[in-house]
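Novice: Take this structure, written in C-alpha cells, and hold onto it; I'll ask about it next.
The values are calculated or read from the model by the stated rules, or taken from the named source; none is laboratory data. In this text, all values refer to a predicted model and were calculated from it rather than measured experimentally. Here the Cβ positions follow ideal geometry from the backbone for every residue, glycine too, while neighbour counts run over all protein chains shown.
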Amino acid sequence: MSNIPEVSLPAEKIAEIGPITLTNSFLAALIVSLILIVFALLIRKKIGIVPSRLQLMLEFVISLFLDNLKAALNNNEKKARKLLPLFLTIFLFLFIANNFSLLPLFTSIITEEKTAIFRTPPSHFGLTVALALGVVVTSHIMALIISPFKHIGNFIKIMPLLKARSIKDLLNALLEIFLGVLDIVGEIAKVLSLSARLFGNIFAGEVMVMIITSLAVFTHYIVPMPFIFLSAFSGLVHAFVFPLLALQFMCGTIRSVQS
C-alpha cells in the first residue's frame, strides 16, 4: 500500500498560532491566493494591443461573464461591469483551487502522521459554504441598499394581513405569509445548493484518484491518469458553474427590488 494520507471529510489541523488553527485546506487557499496575485501582476505587465493566447483566453472569460451579467440585469452594462470583478475573481480562484492537486510537489508533502500539508481547498465544505454564503449575503445587502422596504416585504409579507377585510382576504394573506417563509427557506437552500454541489464534486474526485492510486504499486502512475483528467475536467466545469449560478442568484435578488 502507498504512503498517502487517509481520507478525511474535515480539514486536518497542521499547526496552531495562538488562537488561530491552521488547516491544510486553509494553507492551500493561501497558496492559491498568492498564485492569483502573482498571476495578476504578470498579466498586467503583458497586456498589449496585440493579444497573446493567454490574453485572448482571459478576454473570452471576461466576455462570457459580462454577457451573462448584462442578460441577467436587463442589459444594464453599467451595473454588470460593477459586478464583473466579483464573479471573475471567484472563477479564477476556483479555477486554480479546484485543480490544486495537479500542482507539482504541493500535494506530495506529508507529515509524519500521514497528513497532507496541503489539501484542495474546495474539498473542505467550510470553504464552499463561505463562498456561497458570501454571495447570497452580498446579494441581500445590495437589495437592501437599493430598496430596503420592498426587499424586506418580499419575505415578510404582513401587508396583505393588515389589509384583510374578509375571510377570503385573510386566507390569501396567510398564504402570502407562508410563501414568504418558503422564500426564506429558499435562500438557505441556495447556500446549500451552491456549496454542496462544488464540495461534492471536488471531494469525490480527490477520493477517487486517491483510492485508485493506493490499490497497488502498478496503479501509481499510468492507471490513474484518465481519472485525474476526469477530475481536472470536473474542476474546470465547476469553476464556471459556481460563479454563473451565483450570478443568477444575485441578479435575481437585485431584479426583485427593481421591478
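Novice: Restricting the first residue to segment 1-29 and requiring it to be surrounded by 10 or more Cβ atoms within 10 Å (Cβ to Cβ) and in a helix (DSSP H, G or I), which pairs with a second residue that is modelled with pLDDT of 75 or more and polar (S, T, N, Q) meet a Cβ separation below 8 Å and a spacing of at least six or different chains?
Specialist: Close Cβ pairs (under 8 Å, with a partner that is modelled with pLDDT of 75 or more and polar (S, T, N, Q)) amount to Ser25/Thr120; Ser25/Ser123; Ala28/Thr120.
Novice: Still on this structure: Tally up the residues in segment 62-88 that are farther than 23 Å from Ile141 by Cα, aliphatic (A, V, I, L, M) and either loosely packed, with under 13 Cβ neighbours inside 10 Å or touching a helix residue (DSSP H, G or I) at 6+ places or on another chain (Cβ under 7 Å) (or both), please.
Specialist: Counting residues in segment 62-88 that are farther than 23 Å from Ile141 by Cα, aliphatic (A, V, I, L, M) and either loosely packed, with under 13 Cβ neighbours inside 10 Å or touching a helix residue (DSSP H, G or I) at 6+ places or on another chain (Cβ under 7 Å) (or both) gives 1.
Novice: Still on this structure: Name the single residue that is farthest from Leu133 (Cα to Cα) among those in segment 158-178 being at pLDDT 85 or above and surrounded by 12 or more Cβ atoms within 10 Å (Cβ to Cβ).
Specialist: Asn172
Novice: Would you check if there is a residue in segment 186-195 being more than 23 Å from Arg255 (Cβ to Cβ), free of Cβ contacts under 8 Å to residues at least 40 places away in the same chain and out of contact with any helix residue (DSSP H, G or I) (no Cβ under 7 Å at 6 or more places or on another chain)?
Specialist: Within segment 186-195, none of the residues are more than 23 Å from Arg255 (Cβ to Cβ), free of Cβ contacts under 8 Å to residues at least 40 places away in the same chain and out of contact with any helix residue (DSSP H, G or I) (no Cβ under 7 Å at 6 or more places or on another chain).
Novice: Next question, about the same structure. Of (1) in contact (Cβ under 8 Å) with a residue 40 or more places away in the chain; (2) farther than 18 Å from Asn99 by Cα; (3) surrounded by 13 or more Cβ atoms within 10 Å (Cβ to Cβ), Gln55 satisfies all except one. Which?
Specialist: So Gln55 meets the others, but not (1).
Novice: Give me the residue from segment 118-154 that is in contact with an Asp or Glu (Cβ under 9 Å, 6 or more places away or on another chain) and not in a helix (DSSP H, G or I) and, out of that set, farthest from Phe203 (Cα to Cα).
Specialist: Among those residues, the one meeting the criterion is Asn154.
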